[in-house]
1. Please find, among G118, G79, G40, the residue that is modelled with pLDDT of 95 or more and more than 15 Å from P154 (Cα to Cα).
2. Looking only at residues in region 31-63 that are in contact with a helix residue (DSSP H, G or I) (Cβ under 7 Å, 6 or more places away or on another chain) and within 18 Å of L103 (Cα to Cα), which one is surrounded by the fewest Cβ atoms within 10 Å (Cβ to Cβ)?
3. Of all the residues that make up region 126-141, how many are crowded, with 16+ Cβ neighbours inside 10 Å and more than 15 Å from the chain's Cα centre (by Cα)?
4. Working only within region 13-29, note down all residues that are of a type in the set (D, E, K, R) and either buried (at least 16 other Cβ atoms within 10 Å of the Cβ) or more than 22 Å from the chain's Cα centre (by Cα) (or both).
5. Tell me, which helices (runs of 4 or more DSSP H) wholly within region 71-156 include 3 or more residues that are closer than 22 Å to R24 by Cα?
6. Checking the condition touching an Asp or Glu at 6+ places or on another chain (Cβ under 7 Å) and within 21 Å of I125 (Cβ to Cβ), which residue from F105, F93 passes?
7. Any chance you could count how many residues in region 1-37 are among the polar types (S, T, N, Q), in contact with an Asp or Glu (Cβ under 9 Å, 6 or more places away or on another chain) and in a helix (DSSP H, G or I)?
8. Take the conditions among the small types (G, A, S), out of contact with any Pro (no Cβ under 6 Å at 6 or more places or on another chain) and either in contact (Cβ under 8 Å) with a residue 60 or more places away in the chain or within 20 Å of L83 (Cβ to Cβ) (or both) and apply them to A37. Does it pass?
Amino acid sequence: MAERPTDEELKRFHKWFGAEANNRCWNLCEQKERTHAEVGEMLDTAHVSAYHWRSIGTELNNKRAAMLLGLAYALANVGDLALQYARESFDYFTTTQCPDWELAFAYAILANAQRAAGQLDDFAISYARAAELGNAIADDEDKSIFMASFSVIPTP
């Protein structure tokens, strides 16, 4: 029987698995189309990432995980869960000092969750604000990353 890893090893494992699942989920989210299996993997990896970050992360890590869950559920067209997670992260990022790209993401993911939930008037408002904030992102690399994700959200 294998020995139990040390606390330091467990932290390292959680960080590695959290980051790997996060990156895989974002890659799936940025695809223009996903197979049924990829939708399942997208949701699974979002939850895996959230679990590992919750085990070792900060409040910021947890809210970023909620943001990713909101996006994954919105792209899977599960509106109620998309809204739950998107609002959790939106409330955090709109009341906390954060980088310009993170605020743009908060609006974009809320918009997509509103779309998935059939709240089309709110969707149009949030989408417009996300576009405005996304276009104002100062760093070119951050803007490029945001736009890659924003491009998969249908326009109102």
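1. G40
2. By that ranking, first place goes to N62.
3. 7
4. K15, R24
5. 79-93, 100-116, 140-150
6. Unique residue meeting the criteria: F93.
7. Residues flagged as among the polar types (S, T, N, Q), in contact with an Asp or Glu (Cβ under 9 Å, 6 or more places away or on another chain) and in a helix (DSSP H, G or I) within region 1-37 amount to 0.
8. Criteria not met by A37.
The values are calculated or read from the model by the stated rules, or taken from the named source; none is laboratory data. Note that this is a predicted model, so its numbers are computed, not measured. So basically every Cβ, Gly included, is an ideal-geometry build from the backbone, and we count neighbours across all protein chains shown.
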